[in-house]
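One structure below.
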Amino acid sequence: MAANISYKCPTCGAEIFWTADKNCFECEYCGDKFSMEDMEADGQGGTDTENVEAHEEVEEGEYHQSSDGTVGSDLVKYTCSHCGAEIITDRATAATICVYCGNAVVMGEQIINDFAPDYVIPFKIEKKRVMEEFHKFSKKPLTPSDFDYDKIVDKMQGVYIPFWLYSGRCRGKFKAEGMKERKWRQGKYKYTECKYYDVYRDGTMGFAKVPVDASSKTDNDAMDSIEPYDYKDMVPFKPAYLSGFLAERFDEDKDACYSRAKLRIENSTEDIIKRSCDYDSLTKQSFKKEVVIHKTEYALMPTWLLYTTYKDKKYFFAMNGQTGKFIGNLPIDKVKLVIFSALGGVLGTVIGAIAGVLGLFA
Amino acid sequence: MFRSLLRKAGFALISYGTLFTPLIASAEDGDVTIAAVAGFPIGAIITGCILVSLSHTKEKATKADDYVHGKLKINEQSDVYLRTTTDKEEIGD
């Protein structure tokens, strides 16, 4: 069965992709540019929910890895609507690129009905800039000399990651002992006066669109680390934004992801309430909280992802496809770590000796 | 990984203690040697921690400060005075 939704240039009919740095569709053949409105006027951009074709199941043992580079073990089959090649991909893949003809393919069945996203933030960072940023990022003092970023950076993939966005409020009841300090000098004495209070605050704080990634295949900490996304670029979802990139649909529902959002909301509420108390120090006694979520939305966020292996150890890097924030854990050269630490130790010895001479530790 | 780190830290502490304890023990109070010797591990640990943190940038999000909507609404508040303590310290010459 042919996977559907590929996008054609309204001028010349060639395959057309979303261009991140120009914020439009650009045809590689005739050079014409089109906005989303132009594509919709041409009858493209939306999803024909009645003519969506389904995937084929992969027989047990038939394939062991995807053909499009997506990560996952639950594989299904589609047929490229352009060249007829077989695409083996993860069940949760919503968009991919045919490795045979290079055309963008959007799996309609993964973005309609219950899987239809509410919003998308289109890519703003092109691959060339990703490569430059990764080069800068990997130039750290402890990075091994033989960590060849040139070889691996080309494997970075632009992927739309599914996120649940939680909006609601948190009511917190905070009890603490607060202390106000006053210091003064009189004659040859220094006085410190501390006044203690029993502090109670009952406050409510609102939150809008707290994101939690909804894919079990991506590392939660990594997706947290590339935040925040700027929601001013968020637009109502149109499948055409996915063309030229990979995309995943959620495989963890909103109830499964809720606890992560709840924890973040509660912690922020506690901090905000603490900051509203005008004391020099606060010793918390109790904090009771109640979170009420009034809206949960589903959005696709742009990320550049890289999975690589170095000395048999797996590494994962991610870049926010809108803001350019780069994160990951680089490999560490232990010899360099020991040398730099020893140099730091020598510096500490010198500082300690100077402090000793000055009598700071008498 | 945690056990490996503990083993390495323990080995480093034992080595450091073996090498420098006689030196510290023979030094008099206020001797520069103590401050200088204490400076080495402190400098090494701080340098190592800073450099490792530059290479490891992944971090779990525990707050939602970027997604706050509106202002904090205080429903109820109270500040009840408990006690006062006063310390007095003689300032050295």
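Worth pointing out:
- Of the listed requirements (1) facing chain B (nearest Cβ under 8 Å); (2) open to solvent by less than 30 Å² (accessible area, probe 1.4 Å), A:Ile152 misses just one: (1).
- Taken together, A:Glu59, A:Glu37 contain a single residue that is out of contact with any Cys (no Cβ under 7 Å at 6 or more places or on another chain) and either assigned to a helix (DSSP H, G or I) or modelled with pLDDT of 80 or more (or both), which is A:Glu37.
- Just one of the listed residues (A:Ile265, A:Ile293, A:Ile273) is among the hydrophobic types (A, V, I, L, M, F, W, C), touching a residue at least 24 places away in the same chain (Cβ under 8 Å) and within 30 Å of A:Cys194 (Cβ to Cβ), namely A:Ile273.
- Scanning region A:73-112 for residues that are under 21 Å from A:Ala299 (Cβ atoms) and assigned to a loop (DSSP other than H, G, I, E, B) yields A:Arg91, A:Ala92, A:Met107, A:Ile111, A:Ile112.
- Only listed residue being β-branched (Val, Ile, Thr) and open to solvent by 10 Å² or more (accessible area, probe 1.4 Å), chosen from A:Thr269, A:Thr296: A:Thr296
- For A:Lys195, the test of being open to solvent by 40 Å² or more (accessible area, probe 1.4 Å), under 26 Å from A:Pro302 (Cα atoms) and at pLDDT 95 or above is failed.
- Condition met for A:Cys80 (farther than 25 Å from A:Asp251 by Cα and either modelled with pLDDT of 75 or more or among the aromatic types (Phe, Trp, Tyr) (or both)): no
- Residue that is least open to solvent (accessible area, probe 1.4 Å) [pool: residues in region B:32-55 that are of a type in the set (S, T, N, Q) and at the interface with another protein chain (Cβ under 7 Å from one of its Cβ atoms)]: B:Ser55
- Screening the candidates A:Glu270, A:Glu266, A:Glu252 for the property of being in a loop (DSSP other than H, G, I, E, B) and more than 7 Å from chain B (Cβ to nearest Cβ) yields one hit, A:Glu252.
- Every pair of residues 6+ apart whose Cβ atoms lie under 7 Å, when the first sits in region A:217-231 and is open to solvent by 50 Å² or more (accessible area, probe 1.4 Å) while the second is in a loop (DSSP other than H, G, I, E, B) and modelled with pLDDT under 90: A:Asp221/B:Lys58; A:Asp221/B:Glu59; A:Asp221/B:Lys60
For every residue, the table says whether it meets (1) open to solvent by 60 Å² or more (accessible area, probe 1.4 Å); (2) modelled with pLDDT under 85; (3) among the charged types (D, E, K, R); (4) within 18 Å of A:Ala353 (Cα to Cα).
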residue: B:Leu5; (1), (2), (3), (4): yes, yes, no, no
residue: B:Ala12; (1), (2), (3), (4): no, yes, no, no
residue: B:Thr57; (1), (2), (3), (4): no, yes, no, no
residue: B:Asp66; (1), (2), (3), (4): yes, no, yes, no
residue: B:Tyr81; (1), (2), (3), (4): yes, no, no, no
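- Filter result (farther than 19 Å from A:Asn267 by Cα and more than 7 Å from chain A (Cβ to nearest Cβ)) within region B:61-93: B:Gly92, B:Asp93
- Residue in region A:162-181 that is within 14 Å of chain B (Cβ to nearest Cβ) and in a loop (DSSP other than H, G, I, E, B) present: no
- For region A:215-226, the criterion of being within 11 Å of chain B (Cβ to nearest Cβ), modelled with pLDDT under 95, over 25 Å from the mean Cα position of the chain (by Cα) and not in a strand (DSSP E or B) is satisfied by no residue at all.
- Single unsatisfied condition, A:Ser286 versus (1) over 21 Å from the mean Cα position of the chain (by Cα); (2) at the interface with chain B (Cβ under 10 Å from one of its Cβ atoms); (3) among the small types (Gly, Ala, Ser): (2)
- Residues of region A:81-92 that are in contact with a strand residue (DSSP E or B) (Cβ under 6 Å, 6 or more places away or on another chain) and under 23 Å from A:Phe237 (Cα atoms): A:Ser81, A:Thr89, A:Arg91, A:Ala92.
- Any hit, region A:318-328, residues being in contact with a Ser or Thr (Cβ under 6 Å, 6 or more places away or on another chain), away from every other protein chain (no Cβ under 12 Å), crowded, with 16+ Cβ neighbours inside 10 Å and among the small types (Gly, Ala, Ser): yes
- Within region A:329-341, the set of residues being surrounded by 15 or more Cβ atoms within 10 Å (Cβ to Cβ), out of contact with any Phe, Trp or Tyr (no Cβ under 8 Å at 6 or more places or on another chain) and not acidic (Asp, Glu) comprises A:Ile332, A:Lys336, A:Leu337, A:Phe340, A:Ser341.
- Flag for A:Arg201 being facing chain B (nearest Cβ under 9 Å), part of a strand (DSSP E or B) and buried (at least 21 other Cβ atoms within 10 Å of the Cβ): yes
- Among the residues of region A:273-291, those that are touching a strand residue (DSSP E or B) at 6+ places or on another chain (Cβ under 7 Å), assigned to a helix (DSSP H, G or I) and open to solvent by 40 Å² or more (accessible area, probe 1.4 Å) comprise A:Lys274, A:Ser276.
The values are calculated or read from the model by the stated rules, or taken from the named source; none is laboratory data. Small disclaimer: the values here were computed from a predicted structure and weren't measured. Cβ: placed from backbone, ideal geometry, glycine included. Neighbour counts: every protein chain shown. Note: areas computed on protein heavy atoms with side chains; ligands, DNA, RNA excluded. Shrake-Rupley method; radii C 1.70, N 1.55, O 1.52, S 1.80 Å.
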